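What follows draws every value from the coordinates through simple rules; no lab data is involved. Keep in mind the model is a prediction, meaning the values are calculated, not measured. All Cβ positions, glycine included, derive from the backbone under ideal geometry; neighbour counts span all protein chains shown.
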Amino acid sequence: MNNTCRLLSTTIKAQGGARVCMLCNVAQVRWKSSGRRRSHVPMAVPPERLEWSQFDSLDKKQPRVEFAGLPELESANEKVLKVLSLEFGTRVDLEKAKVLEYGKQLQRHPNDFDSPEMKVVQMTVHLRTLQEHYARIFRQDRKIVGAIRKLMERRHEQLEYLRLYRYESYAKILKIFDLKHKLPPLQRRRRSPLIDAVSDMRIRSFAEARRIKFEEEDRIQQLAQLKQQLKQQLLQDEQRQVAQA
């Protein structure tokens, strides 16, 4: 136990069972943690992450991405080819091969790796890898939950950009990866009693304006009918006077 004051760095003496500093006259309280830790809430993962892996469709005998196309591999030994293949590759090597497999359908040109389409491909492949790791290996990993959520937010931003400016690529990505992109709402307003009161006032004002307009139209129509009747009556009176004369 530390016998030094946290404020004045002086020696602490015990008085009446309490540890009190003689200069600052402040009781030195020893804080104890409750020992409780916030429980980990498991994150929902698509069930297909447990049933099959996205790397199952890859040919594990093909060389890794950085060794593909080398002329030295044509005359290499079988053991060397096996060591340099995806079978002995890491998770990063498998992700690179999977990105290239999807990139053949979405690349704008052979050297395209920075377009929004390829960014979505890279993030989706990495996201599914993290989900497989979380679902199959380590369900108590809290850091990976935050990484998955941040990655999903970044992918949502890229998909929103593609939806606005390159809709063909956007629809193609949704079809290839079988994604469901939730569109943003047209309006974002916080509901409050004031909004309801304003809406009611607008409805009542509109109804009152329509009522006044219809009454004015009825009054004008009635005046026109009266004018027509008076005109006909005057014509009939003139015809009678002419007939009597």
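Points worth noting:
- Residue-count net charge about K172 - beta-carbon cut-off 11 Å; Lys, Arg +1, Asp, Glu -1: 0
- The distance separating the Cα centre of region 193-245 from that of region 129-169 comes to 65 Å.
- Chain lengthening between L234 and V45 when straightened (0.36 nm per residue, less Cα-Cα): 59.1 nm
- With θ taken as phi - 60° and the Karplus curve 6.51 cos²θ - 1.76 cosθ + 1.60 applied, the whole-hertz 3J(HN,Hα) list for region 69-74 is x, 6, x, 5, 6, 5 Hz, x standing for glycine and proline.
- Extreme residue, positive dipole direction of region 188-245, given options P193, S205, A224 (C-beta unit charges): P193
- Derived scalar couplings between HN and Hα for region 146-156 equal x, 5, 5, 5, 5, 5, 5, 5, 5, 5, 4 Hz in order, rounded to whole Hz, by the Karplus curve 6.51 cos²θ - 1.76 cosθ + 1.60 (θ = phi - 60°), x for Gly and Pro.
- Long-range HN-HN contacts of L84 with modeled amide H, under 5 Å: none
- Difference of contour (0.36 nm per residue) and Cα-Cα distance, S192 to Q221: 6.0 nm
- Put simply, when 202-211, 236-245, 145-154 are sorted by average Cβ atoms within 10 angstrom per residue, most first, you get 145-154, 202-211, 236-245.
- When +1 charges are put on Lys and Arg Cβ atoms and -1 charges on Asp and Glu Cβ atoms, the dipole computed for region 116-245 relative to its Cα centre reaches about 1160 debye.
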